[in-house]
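Shown next, in structure tokens, is the structure this report addresses.
The values are calculated or read from the model by the stated rules, or taken from the named source; none is laboratory data. Just so it is clear, the structure is predicted and the values come from calculations on it, not from any experiment. So basically every Cβ, Gly included, is an ideal-geometry build from the backbone, and we count neighbours across all protein chains shown.
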Amino acid sequence: MPAIVEAALRSHPARPTHPDAMSRCIEACYICAGTCTACADACLSERDVEGLLGCIRQNLDCAAICLATGSVVARSKAGASRQILESQLSVCGAACRTCGDECRRHGEMHRHCRVCAQACDDCANACTEMLAALRAVV
């Protein structure tokens, strides 16, 4: 997927100034959204669902935010406000860090939570890198 996303970005008539950071961010957002959704579903299949309600909610919130962020970043050259893009990236990074922290709380007992925490960390880092790339281009 990253090669395809990057190829699409590089073929854009407006030539994004940071296609590498964009493609990494888009990929990380969609991977995180899928992983969080899968983790929420796995949590729902565990015996102690009540003990995982906070994790499930964080997973679902994070998945929704990551999907929106991936979409916003993918079309950021189509007239998106830089302020909105920066805000969305900041919110996504915060959601991923919060979800990752919650998943780590359950990681000893549930492998799906460990996997999800890693996807959240990767996405938070990609959002931070994308923000840095945006701010480097003034």
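So here's what we get for this one:
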{"read-out": "Only one of Gly107, Gly79, Gly100 that is among the small types (Gly, Ala, Ser) and at pLDDT 95 or above", "value": "Gly100"}
{"read-out": "Criterion: among the charged types (D, E, K, R) and either part of a helix (DSSP H, G or I) or over 16 Å from His106 (Cα atoms) (or both) - qualifying residue of Asp41, Asp48", "value": "Asp41"}
{"read-out": "Arg47 vs. criteria closer than 13 Å to Cys25 by Cβ and free of Cβ contacts under 8 Å to residues at least 12 places away in the same chain", "value": "no"}
{"read-out": "Any hit, the stretch 52-61, residues being within 17 Å of Ala133 (Cβ to Cβ), modelled with pLDDT of 95 or more, part of a helix (DSSP H, G or I) and out of contact with any Pro (no Cβ under 8 Å at 6 or more places or on another chain)", "value": "no"}
{"read-out": "Count of the stretch 110-126 residues which are closer than 13 Å to Cys55 by Cα and of a type outside the set (A, V, I, L, M, F, W, C)", "value": "3"}
{"read-out": "Failed condition for Leu44, given (1) at pLDDT below 95; (2) exposed (fewer than 14 other Cβ atoms within 10 Å of the Cβ)", "value": "(1)"}
